[in-house]
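Engineer: Structure incoming, see below.
The values are calculated or read from the model by the stated rules, or taken from the named source; none is laboratory data. Just so we're clear, the structure is a prediction, and the values are computed from it rather than from any experiment. Cβ sites come from the backbone with ideal geometry, for glycine too, and all protein chains shown count toward neighbours. Ligands, DNA and RNA are stripped out before the accessible areas are found, and what is left, the full protein with its side chains, is counted by its heavy atoms. Shrake-Rupley method; radii C 1.70, N 1.55, O 1.52, S 1.80 Å.
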Amino acid sequence: MPRVEDVLRQWGGEFALTAYDEPSGAYMFIAIHSTRLGPGAGGTRMKTYATPADGLLDAMRLAEAMTLKMAVAGLPMGGGKSVLAVPGELDPDTRRNLLLRHAHNVHMLGGNYRTGPDMNTNSADMDTLCEVTPWAFGRSVDNGGSGSSAPDTAVGVFHGIVASVGHAYGSEDLAGKRVLVQGVGAVGEPLVEMLVKAGAHVIVSDVTLDRVESLYDRLGVEVVAPASVLDTECDVYAPCATGGVIGPEDIPRLRCRIVAGAANNPLSQRSDGELLREAGILYAPDFVINGGGAIHLIGYEALGWSQQEVERGLVGIGTTLSRIYADADAAGISTEEAAERLAAARLAEGRRGPAPA
Ligand SMILES: NC(=O)c1ccc[n+]([C@@H]2O[C@H](COP(=O)([O-])OP(=O)(O)OC[C@H]3O[C@@H](n4cnc5c(N)ncnc54)[C@H](O)[C@@H]3O)[C@@H](O)[C@H]2O)c1
């Protein structure tokens, strides 16, 4: 069980705000890992944890991952994350009041931290935060937001898959390639549509049967049971459901050439990136390939980008991955490590892009 003092001591980040919200019984955490490239940015996660220290640890790890994501995407933002560690499901009034007090904490940071939707928070919640503070991305369209970032996350993943296929097979043509999409939700579904259009043989899996059935009816995709995903032969395995789907014990079972999907932390531990390399499986690091949502929210809402500029940013995910693959090959290291080195180089340069509004 982690202890708060150890969590704080071992973290390399800049700042953590911790508070207890008596009316809801929630612990509130805001972790800013780095502001070297710009204000710390990252979503607000609402979740129940075994202990408050687990919530703080999650906020810190996620904030660190955001630093990497922003740096490799070339966005003028740093890494941050909020966690509202709730004791269980809250009634609507208690939940709203907790969000308003969280908004007050965000506002106190004066724009050095910007938040957005994450697990168990959505655009309507960002509208609530904006009653108190302007520092929330992802408001509803009616309230001046840029709409769901999931379709653009899918576009970024699609470009990442194309680049990965190009590196592994010497041609970026997806025609006939077997691509297994695990989880066909807000990101997985539009990804499936793009893959089908590009001529791939798409296989889908989801624990929610309605979702796979509708894709089967509409697009004629192949369906596999959730328990069979890791054993299914394919060219590309695209995890787009939850994290931690590939542990060290699973790697010998994998029957794919590439792992490239939207899920955050698909590997149960970082060292699995090296195991994938040893197994001859090309891995697209999550914080590179799933950066499309951040490009969408920050591009439209902080940088005032046009649709064309956002699209250019999404295409850039493929270009960045190709560079990371080449770097990894040249240095004989995992793609995860090569991506971390790229992020570290950008952080060391400390180069900021145009200042966010
Ligand atoms: N939405 C974004 O913009 C965005 C950005 C970056 C990363 N991500 C990550 O991408 C992943 C998908 O995000 P989303 O917004 O599509 O979520 P979502 O909740 O809309 O969809 C997830 C889907 O996965 C299914 N699922 C859950 N467990 C499963 C399992 N064991 N096997 C098969 N299917 C399973 C769910 O039924 C659901 O259909 C998440 O890991 C998320 O953190 C999303």
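Engineer: Between Ala330 and Glu89, what length comes free when the chain is fully extended (0.36 nm per residue of separation minus the Cα-Cα distance, one decimal in nm)?
Structural biologist: Going from the current span to full extension adds 81.8 nm.
Engineer: So who's got an amide H within less than 5 Å of the one on Lys177, skipping anything under 5 residues away but keeping other chains? H placed 1.01 Å off N, in plane.
Structural biologist: Those qualifying (amide H under 5 Å, at least 5 residues apart or on another chain) are His201.
Engineer: Moving on to the next point. In the chain, what percentage of the DSSP-assigned beta bridges are antiparallel, given to the nearest 5?
Structural biologist: 35
Engineer: In sequence order, what are the phi-derived ³J(HN,Hα) couplings for the range 152-163 according to the Karplus relation 6.51 cos²θ - 1.76 cosθ + 1.60 with θ = phi - 60°, rounded to whole Hz, with x for glycine and proline?
Structural biologist: 6, 4, 4, 4, x, 5, 4, 4, x, 5, 4, 5
Engineer: Per residue of the range 287-301, in order, report the coupling 6.51 cos²θ - 1.76 cosθ + 1.60 (Karplus, θ = phi - 60°) as ³J(HN,Hα) in whole Hz, putting x for Gly and Pro.
Structural biologist: 6, 9, 6, 9, x, x, x, 5, 4, 4, 5, 6, x, 6, 8
Engineer: Also: Run the numbers on the range 150-349 and let me know its relative contact order in percent, using alpha-carbon pairs under 8 Å that are six or more apart.
Structural biologist: Details: 377 pairs, mean separation 45.9, N = 200.
Worked out over the range 150-349, it gives 23 percent.
Engineer: Let me ask something else. Which listed residue (Pro266, Cys130, Leu276) has the Cα farthest towards the positive end of the charge dipole for the chain, taking +1 on Lys and Arg C-beta and -1 on Asp and Glu C-beta about the Cα centre?
Structural biologist: Positive-end residue among those listed: Cys130.
Engineer: Something else about it: What are the ³J(HN,Hα) couplings of the range 245-251, residue after residue, when phi is run through the Karplus curve with 6.51, -1.76, 1.60 and θ = phi - 60°? Round to Hz, x for glycine and proline.
Structural biologist: Values per residue, Gly and Pro as x: 7, 10, x, x, 6, 7, 4 Hz.
Engineer: Still on this structure, please answer the following. Counting only protein heavy atoms and using a 1.4 Å probe, what share of the accessible area of the chain belongs to carbon plus sulfur, as a whole percent?
Structural biologist: 50
Engineer: Quote the relative contact order of the chain in percent (integer), defining contacts as alpha-carbon pairs under 8 Å separated by 6+ residues.
Structural biologist: 16
Engineer: Could I ask something else about it? May I have the convex hull volume per residue, in Å³, for the Cα set of the chain?
Structural biologist: It is 139 Å³ per residue.
Engineer: Collect residues whose amide H, placed 1.01 Å from N in the peptide plane, falls under 5 Å from the amide H of Ser34; neighbours closer than 5 in sequence don't count.
Structural biologist: Here Glu14, Gly79 satisfy the definition.
Engineer: Between the range 261-313 and the range 85-157, what is the C-alpha centre distance in whole Å?
Structural biologist: Each part's Cα centre sits 21 Å from the other's.
Engineer: For the range 14-72 and the range 191-252, what is the centre-to-centre distance using only Cα atoms, to the nearest Å?
Structural biologist: 31
Engineer: For the range 227-296, run through the trypsin sites (Lys or Arg not before Pro) and keep only the ones in DSSP coil with at most 16 other Cβ atoms within 10 Å of their Cβ.
Structural biologist: Listed in order of number, the matching sites are Arg255, Arg270.
Engineer: Per DSSP H run of at least 4 residues, take -39500 (n - 2.57); add these up for the chain, divide by its residues and hand me the 222 nm value, nearest 500 deg cm²/dmol.
Structural biologist: -13500 deg cm²/dmol
Engineer: Still on this structure: When a/c reaches 1.5 or more, the comparison of a/b and b/c decides; with that in mind, is the range 102-205 rounded, prolate or oblate per its Cα gyration tensor? All intermediate terms of the calculation are to be shown ahead of the outcome.
Structural biologist: Numbers: a/c = 3.55, a/b = 2.64, b/c = 1.34.
Judged from the Cα gyration tensor, the range 102-205 comes out prolate (a/c at least 1.5, a/b above b/c).
Engineer: Using amide H atoms built in the peptide plane, which far-off residues or other-chain residues are under 5 Å from Thr242 H to H?
Structural biologist: none
Engineer: Mind checking the alpha-carbon convex hull of the range 150-349 and giving the volume per residue in Å³?
Structural biologist: 115
Engineer: Determine, for each peptide in 3-10, 309-316, the mean count of other beta carbons within 10 angstrom over its residues, then list the peptides with the highest first. Intermediate results must be reported in sequence, preceding the final value.
Structural biologist: Numbers: 3-10: 12.5, 309-316: 18.2.
In decreasing order of mean packing, 3-10, 309-316 become 309-316, 3-10.
Engineer: Could you check the simple spin-label distance between Ser228 and Glu309, using points 7 Å along Cα→Cβ, in nm with one decimal?
Structural biologist: Between Ser228 and Glu309, the simple spin-label model gives 4.8 nm.
Engineer: How much accessible area per residue does the chain have, counting only protein heavy atoms and a probe of 1.4 Å, in square angstrom? Write down the numbers at each step before the final one.
Structural biologist: Values: 15150 Å² over 357 residues.
On a per-residue basis, 42 Å².
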